[in-house]
Every structure is written in structure tokens, then in C-alpha cells.
1. Largest first and in whole Å, what are the equivalent-ellipsoid semi-axes of the range 116-168 based on the Cα gyration tensor, each being the root of 5 times an eigenvalue?
2. Once the convex hull of the C-alpha atoms of the range 158-201 is built, how many Å³ does it hold per residue, rounded to a whole number?
3. With Cβ to Cβ distances under 12 Å as the rule, what net charge do the other residues near GLU186 carry (K, R +1; D, E -1)?
4. Taking the inverse of the average 1/r across all pairs of different Cα atoms in the chain, what Kirkwood radius in Å do you get?
5. Provide the FRET efficiency to the nearest 0.05 for the LYS120-VAL183 pair, computing r from the beta carbons and using R0 = 22 Å.
6. Are there GluC sites (Glu not before Pro) in the range 82-184 that DSSP puts in a loop and that have at most 10 other Cβ atoms within 10 Å, and which ones?
7. Once you place label points 7 Å from the Cα toward the Cβ at GLU94 and ASN4, how far apart are they in nm?
Amino acid sequence: MNKNSLIRKFNKQAARYEMNTRQRSLGEWRQRLLQDVEGHVLEVAVGAGANFPFYNRSKVDVTAVDFSPEMLSRARQMASELGIQATFQEQDIETLELPERSFDCVVSTLSLCGYKDPVKALNQINRWAKPGGRIYLLEHGMSTNRLLGYAQHLLNPAARRISGCHYNRDMIEIVDASALKVVKTERYWNGIIHLIWAQAT
């Protein structure tokens with residue numbers, strides 16, 4: 001799928017993403033993952049701002065990036081409502097240029113499923129974070145349940161066409177193949193949901 005088609009798909013999904021944001025979708029896991037995020041924060045693939053309700057607004061200055069203008073519009077509104085200090089960039093992470101070693105924390109949630117080269121995306125994140133900077137990932141991937149994993153493989157072509165998302169990626173393998181240093185991982189929903197805490201090297 002070419003990039004323009006993918007952007008159009010996410011533009012069309014922006015209203016649903018905003019609804020999920022307002023309903024605090026995956027809120028328990030987002031809260032668990034993001035409770036100590038602070039400082040100069042880069043959030044890639046910010047979507048409609050689903051993580052903003054879980055930031056301590058007095059402790060963060062967010063640079064938020066997404067390639068979908070509709071998503072960014074909704075994220076701006078969410079940041080304004082919550083009093084989150086943020087700047088926004090409409091750009092694709094795979095071609096994004098930012099100052100190296102400039103962010104205290106980098107956050108990416110439910111995004112690695114969509115990149116053509118997720119290891120490259122993580123290595124970009126590693127360059128943008130300060131040495132030892134904290135990386136927070138919430139992702140979905142292959143289940144540890146063999147039957148569910150088989151179903152994910154079967155559904156993957158349709159999921160890719162409909163939502164631009166891969167259902168069957170091994171997220172731990174992807175992160176391990178990157179330059180990031182994994183600190184801690186937790187898995188839920190038969191191993192489908194991953195919470196990953198890492199550090200830049």
C-alpha cells in the first residue's frame with residue numbers, strides 16, 4: 001500500500017480514533033505505561049491524542065508527529081482541552097528529520113504495526129532520544145496462543161487492506177532487532193498487547 005493511500009485511510013478513521021480517545025480506550029494500559037513520562041517528549045504517530053489524558057501536564061512539553069492531517073487536528077483539540085503544552089508536525093516518521101539526542105522520552109503507541117520497516121523506525125527513535133532516554137511502547141502483535149496466532153495470520157491480508165495494519169508481527173523480535181535497550185516488557189490479552197519500556201543507546 002502506498003503512503004498516500006495509507007494517509008487517506010487514517011484520515012477516514014480520525015473520528016473513530018477521537019471517540020476512542022475520549023472513551024479512554026486501553027486506558028489502564030496507557031496509564032501503566034506512561035505514568036512517569038516527563039520532560040521534552042516526542043510522541044510519534046500521535047493519532048487523535050489518545051495518550052494526552054495520561055500525561056502529567058505540568059511535567060511535559062510534547063512534540064507530536066503524525067502523517068494524517070485529520071488526526072493532528074483532533075490531537076490539537078485534545079491537547080488544548082487538557083492543557084498539554086504541545087507542538088505538532090504533519091510528517092511521516094520514516095522521513096522525519098529531528099535534532100538528534102534531543103528528547104528525554106519518546107512515546108509510540110499502536111504504530112509499529114503500520115510501518116514498512118518497523119526496525120528502521122525504532123532506530124530513528126533511538127537517534128532522537130538522549131542517551132539513556134526513556135522509550136515507551138504500547139503495541140499489538142502475534143499472540144502466544146497458537147490458535148489465535150494462526151487466525152491473525154489468516155486475517156492479516158484483509159487487515160492490511162482495510163486499516164493499513166499488520167496483525168501478525170512479532171513485536172519483541174522487532175524491538176530486539178533495533179538499537180534500543182529493552183528494560184521491561186509485559187504482555188496481555190493472550191500475549192497480543194505489549195507494554196515495552198526501553199532506553200536509547
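Read-outs throughout are calculated quantities, based only on the coordinates presented, and are distinct from any laboratory measurement. All values derive from a computational prediction rather than experimental measurement. Methodologically, a virtual Cβ is constructed for each residue, glycine included, from the backbone with ideal geometry; neighbour enumeration extends over all protein chains shown.
1. 28, 14, 8
2. 88 Å³
3. +1
4. This gives a value of 16.9 Å.
5. For LYS120 and VAL183, the calculated efficiency is 0.55.
6. Answer by residue number: GLU97.
7. Calculated label separation equals 1.6 nm.
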